[in-house]
1. Helix B:176-190 sits at what angle to the longest principal axis of chain B, using alpha carbons and giving 0 to 90 degrees rounded to 10?
2. Assuming a viscosity of 1.306 mPa s and a temperature of 10 °C, what translational diffusion coefficient in µm² per second does Stokes-Einstein assign to the stretch B:6-189, Rh being the Kirkwood radius over Cα pairs?
3. Calculate how many DSSP beta bridges within the stretch B:6-189 are antiparallel, expressed in % of all such bridges and rounded to the nearest 5.
4. Can you report the principal axis dimensions of the stretch A:182-349 using only the alpha carbons, biggest first, rounded to whole angstrom?
5. So which helices of chain A fit the span-like rule, where a helix is a whole DSSP H run, its Cα atoms reach 18 Å or more along the axis, and its mean Kyte-Doolittle is at least 0.5?
6. If each residue's Cβ is checked for other Cβ atoms within 10 Å, how do A:SER68, A:SER221, A:SER425, A:SER168 rank with the fewest at the top?
7. Remind me, relative contact order of chain A in percent, using alpha carbon pairs under 8 angstrom and six or more residues apart?
8. Taking a cut-off of 21 Å between Cα atoms, list the lysines near A:LYS209, but don't count ones fewer than 8 places away on the same chain.
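We did not get these values from a lab; they are worked out from the coordinates using the rules stated. As the structure is a computational prediction, the values presented were derived from the model and not from experiment. Heads up, the Cβs are rebuilt from the backbone with ideal geometry, glycines too, and the neighbour counts pull from every protein chain shown.
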Amino acid sequence: MADLDSEFGFLAASAKRSIDLLRAYPEQTSIKADERGSALRGHIEYTLAGVESKLQDAAVNFPAATPSEQAEYVKRARLLNSLVRFMHRSVPWVSQAATPSLALGALYFIDELGERICGMRLDAVPNAADEYSTERWPFQPLFKDLGLAVQSGPRPVVLNFPRLESASHLLLPIYAHEVGHTAVWETAILQDVIDAHSSESAFSAAFNKARDDTAASAKISQREAGYILAWRLNAWTTEMLCDQCAIQALGPSYLYAFASFLLSESWDEPGERHPPTCVRVAHMLDYLAGSGWSASVETDIPAISSWLKDQVAATSAKQPDAATSFLLAAMHEMRPTIREHTAKQLGASVYLPSEFAPEASVISELTRYDTLPAQRHDGGPLDRRAIILSAWLSVLEADDQPATLANALGDVRTQAFFAKAIEMSALLAAWSQP
Amino acid sequence: MEDRLVITPMLDRDRQVGAASVDLRLSSDFLIARRAEGSGIDPAESDERAISSRQERITVPFGERFWLHPQQFALGSTLEFLRMPPHLGAYVVGRSSWGRIGLIVATAIMVQPGYRGTLTLELINEGETPIALYPGLRVAQLAVHALTATTAFPYEVAAKYVSAIGPEAPKLAWDADEVATMKALHNRLNKVQPPSTPVAN
C-alpha cells in the first residue's frame, strides 16, 4: 500500500515538473496571438491541460481507491508522464516558430502553398531537422485517451526540412508535397480516390489476388495480408496525391526540385510508404506532357528533359512481389482519378503554362539585367510560382546537363536572390490587398 | 532596359517619388556587431570571414520593430533594389523627420553609375533616446543626377558589392593590397638601410 502511495506521489510530482517545464518554454518565446506558431502553442497548452486534468482526477480518487485500482492509477500516471515527455519534442518547433531559420521569402512561399493547396491559412512551422516530412496536428492522436474534444481553428502543421538545406531555396517546391499531406488529411480526397476504384470488380479482384498470394508467400493470414496491403495502398496513394497537388500547384519546378533532391537517393526501389521514385517521376512527366508544360519548357533544357525521360523509359521492372505488382498497377490505373480529384481540390490554383508564359518573359528580361524579378512593369507583383520556375530554368539553361540539377543547389547567392524576389513579390501582393 | 533607372519594388509610387528625389524604404534585414567577438577591425589583418564572424544577421518581419539605441551602429538596407544606368549617379541621404530624432542612415552616400543591388545603410542613432525602426518605413531618399557623359568605368566593372539583396559586411580585405603598399612606402621612407655586407677592417 505504502509503496503504491509513494510511487503515485513520485509520478504525479514528476509529471507536474515535466508539464511546468514545457509550459514555461513557449512563454519565453515571442510567439504572438494569431501569428506563426500560435496554433501550435494553443495545441500544446490544450493537450497539457488535458494531461493535467487526468492527473488531478487521479490524485483526488487515488486515496479512496482499492489496491487494484491504485495499481491502475500508478500505471496511468506513468503513461501520462511518458505522454508529457513525448510532447517535449515540440520545444524545437516552438523555438523555430518564434525565430524561423528560413528566409522570409521561403516562409511567405510556404504560407501561399497552404492557401493554394489546402484552401486555408495553415499555422505552418518549418522545423530544421534531417529530412522533409510533415507533422500535422501532432498531439491530436492523444486526444481520445485524454478525453479531449477536437479543437476548431487553424491546424498546427510542422514542416520538417533538412537543416543543411535551409538556404537551398530552389528546393522550396518540395514543401508543396508536404503541404499536400495536410490537404489529404483534412479532406476525404484519399478515401474518394480509393473508393472510386475499389468499387470496380477488376480492381477488387486484383487486390484479393495480391492479398492471397502475399498471405501464402509470407505465411500470414489473409486478414493480416489484407490489412498490410490496404495500408500500403493508402500510403502510396497519399504520396501520389501529394505529388500531384505539388505539380499541379507549381508546374515543372516541383519536378526539378524533386529530381534534384530525391533522384540520387532512390530510383526503382518500392518502399513501404512510398512508390518507387521512378514511378513518381513518370507520373509527373506524364502530367507535364498532357498539360502543355513540357512543350513550353523542354525546348529550353532539352538535355535534362531527355535524360529524365530516358531514365524512366530505361527502367525495367524487376520481378516484384505480388503486393508490389498490384500497387504499381493500381498507381497507374488511378492516375486519372488522382488528377481529377487534386484538380478539384486546387480549383483555380492549378498553375497553367499560359499563366507562366507572359511573366516568364518579364522575369527573364529583369534577370538578364541583374535586376530583382519581383515587380511587373505595370507595378503589380510577379507570381511567386513564376519566380521559382524561372529560377530553376535560368540555372538549368546555363548548363543543360543532369549534373546541373545537383550543382544548382550549390549556388547560394543566386538562390538568395530569387528568395528575396519571392519575399518582395509577396510583400507587394499583400500591400496591394485592400 | 540597358539605359533605364530601375527601382523595384516600388510599393507606393505616388508617395515615394518626390520633386527631386525618390524615398527609399527600410528592409527587414540587419547586421549588428557581436561586441564580444574579436579585438577589433584592422584592414591589414582582417579578412571578410573574420569581419562577418563579428556580425550577426537578424531578420525583423514587416510590422515588427528593430530598436536602435543611442550611439548604436547597425547595417540595414533599402527594401528597393536599384539598377543604375551608366549615365546616372545618385546620393542616398536621410529624410529630415528621421534626422531630427538623431537617425543617420548613410555615411557612404554615393551610388555609382552601373551599381545594381539594394543599398546598404549605415544606421546610427546620434540622438538621446532609442529609435524604433519598422521595416518598410521610408527612412532614406535617393537624389539622382545625370552625368555630363556616360561613364567609361561603370561600377559593375570592378565591383565590390554586386547584386546585394540585403546589408553586406564590409569588404575591407579588398583594400589589403593598398595597406601593404603603404607599409612598403613606410619602409622606404623611414627605415635605415642595413649594410648588405659586413665591412672588413
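1. 40 degrees
2. Details: Rh = 17.7 Å.
The Stokes-Einstein estimate is 90 µm²/s.
3. Values: 38 of 39 bridges.
The antiparallel fraction comes to roughly 95 percent.
4. 53, 35, 25
5. On the way: long enough: A:2-28 (39 Å, -0.20); A:38-61 (34 Å, -0.08); A:67-87 (30 Å, -0.37); A:174-186 (19 Å, -0.02); A:201-218 (25 Å, -0.21); A:222-250 (41 Å, 0.06); A:277-290 (20 Å, 0.74); A:322-346 (34 Å, -0.11); A:353-368 (22 Å, -0.15); A:384-398 (21 Å, 1.00); A:412-432 (30 Å, 0.76).
Helices meeting the span and hydropathy rule in chain A are A:277-290, A:384-398, A:412-432.
6. Working: A:SER68 7, A:SER221 10, A:SER425 27, A:SER168 22.
Neighbour counts put them in this order, fewest first: A:SER68, A:SER221, A:SER168, A:SER425.
7. On the way: 537 pairs, mean separation 72.7, N = 434.
About 17 percent, as a whole number.
8. By straight Cα distance, A:LYS209 reaches A:LYS219, A:LYS318.
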